[in-house]
1. Who wins for biggest fluctuation among 250, 33, 210 in a Gaussian network model of the chain, springs between alpha carbons below 10 Å?
2. Tell me the label-point distance for the pair residue 172, residue 78, using the 7 Å Cα-to-Cβ offset, in nm and rounded to one decimal.
3. Based on Cβ point charges of +1 for Lys and Arg and -1 for Asp and Glu, what charge dipole magnitude is obtained for the chain about its Cα centre, in debye rounded to the nearest 20?
4. What share of the DSSP beta bridges in the chain is antiparallel, in percent to the nearest 5?
5. Pairs of Cα atoms under 8 Å, at least six residues apart: use those to get the relative contact order of region 1-81, whole percent.
6. Which of the trypsin sites (Lys or Arg not before Pro) found in region 189-258 are in a DSSP loop and have at most 14 neighbouring Cβ atoms, other than their own, within 10 Å?
7. For region 77-179, what does the accessible surface come to per residue with a 1.4 Å probe? Please give it in Å².
8. If you plug each phi of region 213-223 into the Karplus form 6.51 cos²θ - 1.76 cosθ + 1.60 with θ = phi - 60°, what whole-Hz ³J(HN,Hα) values come out, in order, with x for Gly and Pro?
Amino acid sequence: MNNTWLIDSPLDMHLHLRQGHMLDVVAPWSAKCFAGAVIMPNLVPPVTSVEMVVKYREEILRSGNDDRFTPYMTLFFRDYSEAELIAARKHIIGIKLYPDGVTTNSESGITDWRAYDHVLSIMEELSIPLLVHGETHGFVMDREREFMDTYQDMAQRHPRLKIIMEHITTREAVALLDRHVNLFATVTLHHLLLTLDDMAGGKLDPHLFCKPILKYPHDREALQNAVLSGHSKIMFGSDSAPHPIHQKECCGCAAGVFSAPTALPVLADFFDRRGKPELLQKFVSDHARKIYGINPPAKRVSLTRQSWRVPDKIGEVVPYMAGKEIPWTARPE
Ligand code: DOR
Ligand code: ZN
């Protein structure tokens, strides 16, 4: 039994870091053990200009305080002109599209993507990937499934546009991946490990409330099978989304699981238990490098079979697995 695994340049391809004090508290947890992360733009107000991207990137670098961590920036989707996108291109890894109101700070998202088809055409031309929060406004358990037609339309109309189905949660999304060469996906830790029962089957756990909502056992099984098959179109994206405790333990609980501090050790445990240690490197780095064509800073992170207790709180945020023992510890070399 190998008690130490070395991972080269782990990447988190979907991360919420927030702003101000929250950014100062959470960014070091990602910057320490990841070589890079795709930074979500759903701030207040959303990141909708190159100036905002550049400023936010500087804030992240300052708060993260690790020169071997690259924030891969995104813009919040809107009606951008070609000139704006040409100017933005070298500062961003992609543009994140939110349907209006489907999740935290997405009120200025779009109502009908077809009205913005010209923006997708320019992105396709400029090779700027489109990152999508794929949910409709339907019944909460069906929202992702109902979005599959939209993914399909987008992928067919824009065959050279790289489309990332963010945080997929369903068996249907896994199946769709194989039908279009230009579709890719991120998978979170919580959707890989949990079902709706973990959040709401017994006493309600607001710290597991997230969007898309946790799904059925058969959906989780489809995600696990795909990840454990080493599916090269699937990459790890934590969707770590911190909210202060008073916005989680209340009526009107905000959606989001703060998983960045525990992600790598919990993933090590996941692959270890299934006898697939070699897949961790691919899932948390290699697939993303190929899909996006990125070359992250060289940073080796060791995962050691050594248990630690997750803090009850990090700043004002309750992390995933708070107060529990995790059998693996992550450390940068
Ligand atoms: O659970 C979530 N939290 N899902 C999202 O899509 C957004 C995120 C957040 O920003 O809080
Ligand atoms: Zn997200």
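The values are calculated or read from the model by the stated rules, or taken from the named source; none is laboratory data. None of the values given here were measured: they were computed from a predicted structure. Cβ sites come from the backbone with ideal geometry, for glycine too, and all protein chains shown count toward neighbours. With ligands, DNA and RNA removed, areas are computed over all heavy atoms of the protein, side chains included. Shrake-Rupley method; radii C 1.70, N 1.55, O 1.52, S 1.80 Å.
1. It is 250.
2. 3.1
3. Numbers: 37 positive and 41 negative charges, 190 e Å.
In debye, rounded to 20, the chain gives about 920.
4. Details: 12 of 37 bridges.
The answer is about 30 percent antiparallel.
5. On the way: 111 pairs, mean separation 27.8, N = 81.
Result for region 1-81 is 34 percent.
6. On the way: sites: 203, 215, 220, 233, 248; in loops: 203, 215, 233.
Listed in order of number, the matching sites are 203.
7. Working: 4360 Å² over 103 residues.
Per-residue accessible area for region 77-179 comes out at 42 Å².
8. Those phi angles translate into 5, 4, 10, 7, x, 5, 5, 4, 5, 5, 5 Hz.
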